[in-house]
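The structure appears below as structure tokens.
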Amino acid sequence: MTVTCKRIQISTNGQGDTINVTPDIAREVNNSGISNGSVTVFIPGSTAGITTIEFEPGLMIDMKDMWDRIIPSNIDYEHNKAWGDGNGHSHIRASLQGPSITIPFINKRLTLGTWQQIIIVDFDVRPRSREVILQIMGE
């Protein structure tokens, strides 16, 4: 078993900015020297999350609308009262989406569905520089 770690830097605009990181992850898996295994994708911080989706404009609008319905940004949050940074909703959205995902790969190819892509969503209220950590394991 071989384990290697890689880092990907991304810049986001915040406010639900969604970044397709599939090509970056596929490139790192391909260059890792590992043919079969899994890659864990993790984003440090408490206001961004990771998931998979069909990365197309209609679904990007639907995702933002869904978050606005279930965790509105325009209501009172105790976090905002304590810290005054206005991103209480960002923390809750990120905790529901989650900070990591694990994807198997075979013959250096991610085993994603035809339209499935890996996305990072930055829920914070301002632009950010984010680091995505990959742990690639296998043989």
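The values are calculated or read from the model by the stated rules, or taken from the named source; none is laboratory data. The shown structure was predicted, so the numbers you read here are calculated from the model rather than taken from an experiment. So basically every Cβ, Gly included, is an ideal-geometry build from the backbone, and we count neighbours across all protein chains shown.
Considering only residues that are touching a Ser or Thr at 6+ places or on another chain (Cβ under 9 Å) and not small (Gly, Ala, Ser), look in the range 1-16 and name the one that is surrounded by the fewest Cβ atoms within 10 Å (Cβ to Cβ). Of everything passing the filter in the range 1-16, Gln9 is surrounded by the fewest Cβ atoms within 10 Å (Cβ to Cβ). Considering (1) over 13 Å from the mean Cα position of the chain (by Cα); (2) in a strand (DSSP E or B); (3) of a type outside the set (Lys, Arg), the lone condition that His79 does not fulfil carries the number (2). Could you please let me know if Trp83 is more than 21 Å from Thr12 (Cα to Cα), at pLDDT below 95 and among the aromatic types (Phe, Trp, Tyr)? So Trp83 passes the test. Among the residues making up the range 14-34, those that are among the small types (Gly, Ala, Ser) and under 20 Å from Pro57 (Cα atoms) are Gly14, Gly16. Among the residues of the range 63-112, those that are over 28 Å from Leu134 (Cα atoms) and among the charged types (D, E, K, R) comprise Asp65, Asp68, Arg69, Asp76, Glu78, Lys81, Asp85.
If you filter the range 126-139 down to residues that are more than 16 Å from the chain's Cα centre (by Cα) and of a type in the set (A, V, I, L, M, F, W, C), you find that the one that is farthest from Arg93 (Cα to Cα) is Met137. Criterion applied to Asn30, Asn13 was being under 17 Å from Arg130 (Cβ atoms) and not hydroxyl-bearing (Ser, Thr, Tyr), and the one residue passing it is Asn13. Out of curiosity, is Asn30 surrounded by fewer than 18 Cβ atoms within 10 Å (Cβ to Cβ) and more than 13 Å from the chain's Cα centre (by Cα)? For Asn30, the condition - surrounded by fewer than 18 Cβ atoms within 10 Å (Cβ to Cβ) and more than 13 Å from the chain's Cα centre (by Cα) - is met. In the range 74-116, the qualifying residues are those that are surrounded by fewer than 13 Cβ atoms within 10 Å (Cβ to Cβ), in contact (Cβ under 8 Å) with a residue 24 or more places away in the chain and among the β-branched types (Val, Ile, Thr), and the one that is nearest to Phe55 (Cα to Cα) is Thr102. Considering (1) more than 15 Å from Asp124 (Cβ to Cβ); (2) at pLDDT 95 or above, the lone condition that Met60 does not fulfil carries the number (2).
With the requirement that a residue be buried (at least 16 other Cβ atoms within 10 Å of the Cβ) and of a type in the set (S, T, N, Q), what does the range 117-134 give you? Listed by number, the list holds a single entry, Gln117.
Condition test on Thr52, is it closer than 18 Å to Ala94 by Cα and surrounded by 15 or more Cβ atoms within 10 Å (Cβ to Cβ)? Yes.
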